[in-house]
Amino acid sequence: MIEFWSAVGEYQFLQYALLTGILASIACGVVGSYVVTRRISYVAGAISHFILGGMGATKYFNVVHGWNWLEPLHGAVIAAILAALIISQVSVRAKQREDTVIGALWAMGMAVGILFISQTPGYNEDLMSYLFGDILLVTANDLWLIATLDIFVIAMAFIFYNQLQAICFDEEFARLRGVNVELFYLLLLILTAMTVVLLVTVVGIILVIALITLPAAIAGQFTNSLGRMMVLATILSLFFTTLGLSFSYGPNLPAGAVIIVVAGIIYLLTIWILRLSSMFVSRRAEY
C-alpha cells in the first residue's frame, strides 16, 4: 500500500486512476442508493451487459473503418441510453414483463458485442479490460468524458431528488401526488445507465452490478434516510476503490477484481456483525 501512494505522485496513469475512482464513487453512492431502494439492481446488470454491443461496434468502426474520433466509451453511452429507453418504454407502454425485456437485452447486447469483436482485428486483448475493467488504462480524454457524465448524473439526481425519492418508495402515492411516474422512472433508468458507464471503466461489465449495489446495501443497514444513505454509500465506494487500487498495485493484480473482493468481504462482515449484535441484544432482553 505504501508503494502505491509513493507511486501516485510519480506516475500520471495512477493519478488518472485515482481521480476516476473518486468521480465514479460519487455517482455510484448517489445513484446506487436509488437503485437499491427501488430494487432495480437487475436493470443495472442488463444495461451493463447491453453496452458491450455499443463498445464492440465503436471499436469495430474505429479499427476497421478508421473512425478514430469514435471511442468505446461513446458507444457505451449510446448503448446505455438505448437500453434505458427500451426497458422503460416496453415495460410501461407495451405492458410487457420487465424481467423478460431485461433478459432479452442482457443476452442481445452480449451477442452483438461478441459479433463485432470477432470481426475486429486484434481486439480480443482489449476485450478483457472491458469485461473486467482496467482503471489503469484511463486516458485524459476518457477522464473528461467521465467527469462530464458524473456532473450530469449528480445534478439530475439532486435537482429531482424529491420526485425520484417518491417513485423509489411508493409509486402509487407518488402518482396520487401528481408526480409523472413514467417520466421520472425513465430518468432514473438513464441515471443508472450513465452510472454503469462510469463504473465500467473501474470494474468492467461483469462486476459493475456489485459495485453499484454493495456500498448502498451496506449504507442502508445503518440509516433510514435516503440522503444519509447516499453520503455513506459514496464514502464507502470511495474507500473500496482506493483500497482496491492500493492493494492491487504491488502484486500486479486486476484492480477491478480486488475492489469487488474488498467490497464483498466488508458487506458479508457487516451482515455477520449486525446479526451477532441483534442476537446479543435479544438474549440480553430475555434475561
Excluding ligands, DNA and RNA, the carbon-plus-sulfur percentage of the accessible area of the chain with a 1.4 Å probe reads 66 percent
Out of these labelled values of percent of Cα pairs over 36 Å apart, [x] 35; [y] 18; [z] 21, which was calculated from the coordinates shown here? [y]
Can you tell me the FRET efficiency between residue 68 and residue 239 if r is taken as the Cβ-Cβ distance and R0 is 45 Å, rounded to the nearest 0.05? 0.75
Hey, rough spin-label estimate for residue 7 and residue 274, points 7 angstrom out along Cα→Cβ, what's it come to in nanometres? 3.5 nm
Per the C-alpha gyration tensor (a ≥ b ≥ c, the square roots of its eigenvalues), the range 188-257 is rounded if a/c is under 1.5, else prolate if a/b beats b/c, else oblate; here it's oblate
Run the dipole for the chain about the Cα centre, Lys and Arg Cβ at +1, Asp and Glu Cβ at -1, nothing else charged, and hand back the magnitude in debye, nearest 20. 860 debye
Quick one: length gained pulling residue 161 to residue 111 fully straight, 0.36 nm per residue minus the C-alpha distance? 14.4 nm
Just the accessible area per residue of the chain, please: how many Å² with a 1.4 Å probe? 49 Å²
Go ahead and estimate [θ] at 222 nm for the chain from helices alone: -39,500 (n - 2.57) per DSSP H run with n ≥ 4, summed, over the residue count, rounded to 500. -28000 deg cm²/dmol
Burial ranking of peptide ranges 14-23, 77-86 (average Cβ count within 10 Å, highest at the top): 77-86, 14-23
Mean Kyte hydropathy of 1.0 or more with a Cα span along the axis of at least 24 Å, helices from DSSP in the chain: 12-38, 72-92, 98-118, 140-159, 181-203, 226-249, 255-286
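The values are calculated or read from the model by the stated rules, or taken from the named source; none is laboratory data. Quantities reported herein were computed from a predicted structural model and do not represent experimental measurements. Glycine gets a Cβ as well: all are built from the backbone with ideal geometry, and neighbour counts include every protein chain shown. Just the protein is used for accessible areas: all its heavy atoms, side chains included, with ligands, DNA and RNA removed. Shrake-Rupley method; radii C 1.70, N 1.55, O 1.52, S 1.80 Å.
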